[in-house]
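Inspection log for the structure reproduced underneath, given as structure tokens.
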Amino acid sequence: QVQLVESGGGLVQAGGSLRLSCAASGSIFSINAMGWYRQAPGKQRELVANNLRGGTTNYADSVKGRFTISRDNAKNTVYLQMNSLKPEDTAVYYCTADIFPRRYWGQGTQVTVSS
């Protein structure tokens, strides 16, 4: 069994910053990709960023230049540094870990950006 525990969400004013963390624990042999998704009210869940095991990163166009994903393989942890936050970044953020043969999801953490 694998658990993902997220932290770091909260309320911030537009232009501010937050750092999300997600630690994976349990029966883990090797984690492939780790990433972050988000879901705003009334919208579909969307990929924010991911980090492949080899180091390749991918970002949604809407967050490029503002968000940075990183991971610590020794700690099985992925981070999302979010700068220059906008009200449209308000959503529940979910971390993911691809551990063969499936993708695991965290419980979600709320990020609210006030204007």
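Couplings for the range 6-12, taken from phi via the Karplus curve 6.51 cos²θ - 1.76 cosθ + 1.60 with θ = phi - 60°, read 9, 8, x, x, x, 9, 9 Hz in order; Gly and Pro are left as x. Couplings for the range 14-30, taken from phi via the Karplus curve 6.51 cos²θ - 1.76 cosθ + 1.60 with θ = phi - 60°, read 3, x, x, 10, 9, 10, 9, 10, 8, 10, 9, 9, x, 7, 10, 9, 7 Hz in order; Gly and Pro are left as x. Within the same chain, aspartates and glutamates fewer than 8 places from K75 are excluded, and of the rest, those with a Cα less than 19 Å from its Cα are E6, D98. Where does the longest stretch of the chain lie that holds no trypsin sites (Lys or Arg not before Pro) found in a DSSP loop with 14 or fewer other Cβ atoms within 10 Å? Result for the longest clean stretch: 65-115.
In order along the range 52-65, phi translates into HN-Hα couplings of 7, 4, x, x, 5, 10, 9, 10, 5, 4, 5, 10, 4, x Hz, rounded to whole numbers, per the Karplus curve 6.51 cos²θ - 1.76 cosθ + 1.60 with θ = phi - 60° and x for Gly and Pro. Projecting the Cα atoms of N32, L20, G106 onto the charge dipole of the chain (Cβ charges, centred on the Cα centre) puts N32 farthest toward the positive pole.
Using the Cα centre of the chain as the reference point, and only Cβ charges (+1 on K/R, -1 on D/E), how large is the resulting charge dipole? Debye, rounded to the nearest 20.
Rounded to the nearest 20 debye, it is 100 debye.
Bridgeable lysines around K86 (alpha carbons under 24 Å apart, same-chain partners fewer than 8 residues away excluded): K43, K64.
Since every read-out is calculated from the coordinates, none of them should be taken as a lab result. Fair warning: this is a prediction, and the values are worked out from it, not measured in the lab. Here Cβ is always computed from backbone atoms with ideal geometry, including for glycine, and neighbour counts include all displayed protein chains.
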